[in-house]
1. Being hydroxyl-bearing (Ser, Thr, Tyr) and within 16 Å of the ligand (Cβ to nearest atom), is that true of even one residue in segment 112-129?
2. So, in segment 29-88, how many residues would count as being farther than 24 Å from Lys165 by Cα, in a helix (DSSP H, G or I) and touching a residue at least 60 places away in the same chain (Cβ under 8 Å)?
3. Within segment 70-93, can you find the residues that are open to solvent by 50 Å² or more (accessible area, probe 1.4 Å) and within 16 Å of the ligand (Cβ to nearest atom)?
4. Just give me the residues in segment 28-69 being of a type in the set (Ser, Thr, Tyr) and more than 16 Å from the ligand (Cβ to nearest atom), in sequence order.
5. Could you check segment 119-144 and list, in sequence order, the residues that are in a helix (DSSP H, G or I) and touching a Ser or Thr at 6+ places or on another chain (Cβ under 8 Å)?
6. Could you check how many residues of segment 104-150 are within 24 Å of Asn49 (Cβ to Cβ) and touching a strand residue (DSSP E or B) at 6+ places or on another chain (Cβ under 7 Å)?
7. Going through segment 151-175 one residue at a time, which ones are in contact with a Ser or Thr (Cβ under 8 Å, 6 or more places away or on another chain) and within 14 Å of the ligand (Cβ to nearest atom)?
8. With Arg67, Arg100, Arg41 as the choices, which residue is touching a strand residue (DSSP E or B) at 6+ places or on another chain (Cβ under 8 Å) and surrounded by fewer than 17 Cβ atoms within 10 Å (Cβ to Cβ)?
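The values are calculated or read from the model by the stated rules, or taken from the named source; none is laboratory data. As the structure is a prediction and not an experimental result, all values here were calculated from the model. Here the Cβ is made from the backbone with ideal geometry for all residues, glycine too, and neighbour counts use every protein chain on show. Note: accessible area is taken over every heavy atom of the protein model, side chains too, but ligands, DNA and RNA are not part of it. Shrake-Rupley method; radii C 1.70, N 1.55, O 1.52, S 1.80 Å.
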Amino acid sequence: MEGQVKSRQRVVDHGEVFTAEREVNAMLDLVKTETERIDSRFLEPACGNGNFIAEVLRRKLAVVASRYRKSPDEYQRYAFLAVSSVYGVDILADNVGECRERLFRIVEKDARSNIKGSIEPAFLDAVRYVLEKNILCGDALTLRDASGEPITFAEWSMLGGDLVKRRDFLLSELLEGNVEKDEQASLFGEALMSWDFDEEAQAYLPAPVREYPPVDYREVGRNG
Ligand SMILES: C[S@@+](CC[C@H](N)C(=O)[O-])C[C@H]1O[C@@H](n2cnc3c(N)ncnc32)[C@H](O)[C@@H]1O
């Protein structure tokens, strides 16, 4: 149990017992292919300091390095894509801070060992910015953040080249799942009025609550 518990009080108050590395890997191996797909999205609700998403990030970065280490530009672009696809929520602010820092260090260390020459500071700034948006302090049961607002997650999509587009979604709507075309009227009726029909997925998907203009991923923080 060493390293799995910070204090008895936290176990009592928040059920905080961290998962051991062996179990994390065994569980992630059940979806191994997804953990090695650079852009597959993972959410760890009740993430603690991020045991699951840290390992997912390591696996994705191993793929990035194996494919792109010879090109610093491509390595950084795909490493950004990898980090922007992991999400976490925890109710305790110190866990959220630890989780963000841990993920940042994983990216920074990986970049230092795989990129010849210096890493672009703007790349590291973009990683920090995305982690602030993707790892949030909130209640995974009520789906509200520390200030009582509905939890909103940013979706980051690479549009080609260095451009990234951000769209924000309510976590509550993302958790509803996709709804097939014929289900709309019968199951959800008017509750789905704000969802969009996606031709590619042939399903109703939640509509974003906010969209941002595409920007160079290294300047992603400029959108506010
Ligand atoms: C059993 S630990 C798991 C941590 C991590 N996922 C792991 O496997 O190592 C549970 C975590 O859930 C957090 N937690 C408890 N209640 C929560 C809630 N309502 N919403 C979000 N996080 C919560 C605790 O702070 C703690 O970090």
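1. no
2. The number of residues fulfilling the criteria is 0.
3. Ile91, Ala93
4. Thr33, Ser40, Ser66, Tyr68
5. Val130, Asn134
6. Residues meeting the conditions: 12.
7. Matches in segment 151-175: Ile151, Leu171.
8. Arg41
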